[in-house]
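The values are calculated or read from the model by the stated rules, or taken from the named source; none is laboratory data. As the structure is a prediction and not an experimental result, all values here were calculated from the model. Using ideal geometry, Cβ is built from the backbone for each residue, glycine included, and neighbour counts are taken over all protein chains shown.
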Ligand SMILES: NC(=O)c1ccc[n+]([C@@H]2O[C@H](COP(=O)([O-])OP(=O)(O)OC[C@H]3O[C@@H](n4cnc5c(N)ncnc54)[C@H](OP(=O)(O)O)[C@@H]3O)[C@@H](O)[C@H]2O)c1
């Protein structure tokens, strides 16, 4: 059976990811910060087929939980409900919206290592380096020569494989990076990867130029 | 279809005095050339000269006759809606009924620290203050109670605007919850769009459905869009002339600390950024209209501290070659 997906965050990027997940044939739940009933109209228009739930319920019933809330709101994510799930960090530190957050400001670690510490669960970093318009517009079937690449950075091989599978089913070529800390190059401003239009070959050569070796297979 | 321009008053290399003088004369030109709207942003940083748009709009009102005078956007979360209403009601009286407000989030957060607000309270601040401002625009006496400012008990807020109801738009950046709010409140919606307008179709649909569910008359709803714009004589010329200024302007964003790479710029133009010849800009505005049903487009016409001469030329092409065609095609 295909993995059940929960998307926490029903904003710009969360609604796109939920739509792609539904299109990939995955049972998909979506949560905002409040009452799931209030999400009805948004989900009906932007991600029909996804099921609005509270974040705790959405996470509890899922195999893969994509966290896509502003980092300033990370503290409101029900961390306990994430235990035992594959957790994807799709977030970026974005001071123009988040304000200055001391946990991330000036950090030399990957922002996902900090997310992992705060949530207390292992995470996989993906989806963060593409804008929500592009995530929506750039899906391509497997084998298409122009298919775009999405990096999947993590420590745990099984979790990375599950996320890579989802990325592929959504319409992108997954490029695994190991360990999680290597995903720092995917962050805004840390290289030219963020926001760039890259096929798998192009992402690989960009990583190569940065001296980051992709994981041959998910470890 | 209404066409207009907006500015954040980017500092560039000239003095603030010069920059504001240029802006007033560009607004005067826009009025004479028949553009419908000039809108000014509100930022609280050294790289922009406009933190008090209402004052500059008042100066513009005295040298113009028809052009509507708006903000883009009023950072309502860190302002007092009572004061905002008074300022724009005054502007409305001074200008013979031309004032408008676009209330929104804005791209930066400095005003929170400056005025003593907590960014974590953003949602409740915006929501409460927007409701209050809409009520002030409709009612002369207001009774209000909330978390974010002192209560009002049958308070008389004067002067009243000259227009029967001062227009208050809700500015939306892409978050669907904002479109729900605009629709539920029955307020006109301004959508910021920089590249592809297609994803905003969902927002517009949500807006109309939320308004219908709240019982608002569809005839009272309006959608406008706007974003960065540069018009050049030729397609390639426009791209090349504008690129250095845009690249540097976008260095303010976290993703382009060293400036925007040329490939990304070209990709954005392909996706929909309004940079090009008059015909290309016409086509892109008409695409917004077809996809989103907009009745107003406003372009940010002086991005990135371009020299006044460049801004003037682009503005002239917009007013004389783009606007008349868009008006005709959309009539
Ligand atoms: N925008 C992009 O193109 C893009 C691309 C890649 C990654 N990202 C990253 O993705 C994250 C979200 O960005 P966005 O642009 O989608 O923001 P957004 O449009 O503001 O949406 C944020 C969403 O998170 C929800 N939320 C807040 N706390 C929550 C909680 N505890 N549980 C469930 N939902 C919660 C909000 O719900 P309410 O409205 O109910 O409060 C809202 O629906 C950010 O870290 C951003 O950097 C963005």
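In the set (1) part of a loop (DSSP other than H, G, I, E, B); (2) in contact (Cβ under 8 Å) with a residue 60 or more places away in the chain; (3) closer than 26 Å to residue B:68 by Cα; (4) within 14 Å of another protein chain (Cβ to nearest Cβ), residue B:191 fails one condition alone, (1). Restricting attention to region B:194-201, does a residue exist that is assigned to a helix (DSSP H, G or I), within 10 Å of chain A (Cβ to nearest Cβ) and modelled with pLDDT of 95 or more? Yes, the conditions are met somewhere in region B:194-201.
Suppose the filter is under 20 Å from residue A:170 (Cβ atoms), within 11 Å of the ligand (Cβ to nearest atom), in contact with a strand residue (DSSP E or B) (Cβ under 9 Å, 6 or more places away or on another chain) and not in a helix (DSSP H, G or I); does residue A:7 pass it? Taking the combined requirement at face value, the residue satisfies it. Under the condition of being over 15 Å from residue B:298 (Cβ atoms) and either at the interface with another protein chain (Cβ under 9 Å from one of its Cβ atoms) or buried (at least 19 other Cβ atoms within 10 Å of the Cβ) (or both), the residues counted in region B:97-114 number 10.
When residue B:213 is tested against (1) buried (at least 17 other Cβ atoms within 10 Å of the Cβ); (2) within 8 Å of chain A (Cβ to nearest Cβ), only condition (1) is not met.
Is it true that residue B:176 is modelled with pLDDT of 95 or more, in contact with a helix residue (DSSP H, G or I) (Cβ under 8 Å, 6 or more places away or on another chain) and away from the ligand (no atom under 15 Å from the Cβ)? No, not satisfied. Residues of region A:84-99 that are out of contact with any helix residue (DSSP H, G or I) (no Cβ under 9 Å at 6 or more places or on another chain) and not in a helix (DSSP H, G or I): A:84 alone.
Quick one: would you say residue A:40 is near the ligand (Cβ under 9 Å from one of its atoms) and within 14 Å of chain B (Cβ to nearest Cβ)? Spelling it out, it is not the case that residue A:40 is near the ligand (Cβ under 9 Å from one of its atoms) and within 14 Å of chain B (Cβ to nearest Cβ). When region A:80-94 is filtered for residues that are without any contact (Cβ under 8 Å) to a residue 60 or more places away in the chain and either near the ligand (Cβ under 6 Å from one of its atoms) or surrounded by fewer than 17 Cβ atoms within 10 Å (Cβ to Cβ) (or both), the ones remaining, listed by number, are A:80, A:83, A:84, A:91. If we scan region A:50-61, do we find a residue that is within 8 Å of the ligand (Cβ to nearest atom) and either within 12 Å of the chain's Cα centre (by Cα) or assigned to a strand (DSSP E or B) (or both)? No, because not a single residue in region A:50-61 is within 8 Å of the ligand (Cβ to nearest atom) and either within 12 Å of the chain's Cα centre (by Cα) or assigned to a strand (DSSP E or B) (or both). Look at (1) in a loop (DSSP other than H, G, I, E, B); (2) in contact (Cβ under 8 Å) with a residue 60 or more places away in the chain and you find that residue A:34 fails only one, number (2).
Just so you know, in region A:64-78 the residues that are away from every other protein chain (no Cβ under 14 Å) and near the ligand (Cβ under 10 Å from one of its atoms) include one that is surrounded by the most Cβ atoms within 10 Å (Cβ to Cβ), and it is A:66.
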